[in-house]
1. Rounded to the nearest 500, what is the 222 nm mean residue ellipticity of the chain from helices alone, with -39500 (n - 2.57) per DSSP H run of 4+ residues and division by all residues?
2. If you take the beta carbon distance between residue 30 and residue 76 as r and set R0 to 25 Å, what does 1/(1 + (r/R0)^6) give as a FRET efficiency, to the nearest 0.05?
3. Hey, what's the per residue convex hull volume over the C-alpha atoms of the chain, in cubic angstrom?
4. Nearest 10 degrees is fine. How inclined is helix 11-46 to the longest principal axis of the chain, computing both from alpha carbons?
5. How far is helix 59-79 tilted off the main Cα axis of the chain, in degrees rounded to 10, range 0 to 90?
6. Compute the FRET efficiency between residue 10 and residue 56 as 1/(1 + (r/R0)^6), taking r as their Cβ-Cβ distance and R0 = 35 Å, and round to the nearest 0.05.
7. Of all the accessible heavy-atom surface of the chain, with the other protein chains kept in place and a 1.4 Å probe, what percent is carbon and sulfur?
8. Using the heavy atoms of the protein chains alone and a 1.4 angstrom probe, what is the accessible area of the chain per residue in square angstrom?
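The values are calculated or read from the model by the stated rules, or taken from the named source; none is laboratory data. Please read these numbers as outputs of a predicted model, since none were measured by experiment. Here the Cβ positions follow ideal geometry from the backbone for every residue, glycine too, while neighbour counts run over all protein chains shown. Ligands, DNA and RNA are stripped out before the accessible areas are found, and what is left, the full protein with its side chains, is counted by its heavy atoms. Shrake-Rupley method; radii C 1.70, N 1.55, O 1.52, S 1.80 Å.
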Amino acid sequence: MMASQFKNYTTDELLKKLKNQKRLAIFHGFIVLFLFIVAGFNSAENGFSFSSFLPLFFLPMQGVFIYEIKKMKKELTLRN
């Protein structure tokens, strides 16, 4: 099993990093949602194009944000 990358952080540093990561994930989620809305309107008016599928490229990044948050929460529960 691979060692956690968060073991080097203190609990306070990890809490700050978790708070920042949550904020970034929410912001990124809104941006992706906005891109889906714009792509939907663009597709309805002009048909499908590259910009119609552009939001799909950003979905894996959102998954990484969520995965990192889960790993940080797991590390915090192991410490308590």
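1. -26500 deg cm²/dmol
2. On the way: r = 25 Å, r/R0 = 1.01.
Here the calculated transfer efficiency is 0.50.
3. Looking at the chain, the number lands at 92 Å³ per residue.
4. Roughly 10 degrees between the two axes.
5. 20 degrees
6. That gives a FRET efficiency of 0.40.
7. Numbers: 4320 of 6260 Å².
Of the solvent-accessible surface of the chain, carbon and sulfur hold 69 percent.
8. Result: 78 Å² per residue.
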